[in-house]
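The values are calculated or read from the model by the stated rules, or taken from the named source; none is laboratory data. On a predicted model such as this, the values are computed, not experimentally measured, just so you know. Here Cβ is always computed from backbone atoms with ideal geometry, including for glycine, and neighbour counts include all displayed protein chains.
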């Protein structure tokens, strides 16, 4: 990685230059694992240094190769689970029904007031005996 120096302060790296993360393909990992497995005992560290790898990465790749998950990535967005989609659908339906309930309660309250007013008016207009 090359660090370009900031012109204002030559000791600090330029903030606009961001290092990029290496993307290691499954084929690359398999090739390196085969090379390390075939190498004599003293050469394994040389390969790791040459490829700028950590021994923990090699251990993890071996484990993934053994489990058959070497090409799979744990990073990034996960696909939505069907349960998550169902929960979202039910939340949206719940919101709509809550709004409809509020409107219905307002209508019933207004109808009650109208009914009470009509009942009061009918008593006043009814002939008294």
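State which residue is modelled with the lowest pLDDT when the search covers only the stretch 35-85 and only residues that are over 23 Å from residue 23 (Cβ atoms) and outside any helix (DSSP H, G or I). Ranking the candidates gives 80 first.
Does residue 30 count as within 28 Å of the chain's Cα centre (by Cα) and in contact (Cβ under 8 Å) with a residue 40 or more places away in the chain?
On the way: within 28 Å of the chain's Cα centre (by Cα): no; in contact (Cβ under 8 Å) with a residue 40 or more places away in the chain: yes.
Taking the combined requirement at face value, the residue does not satisfy it.
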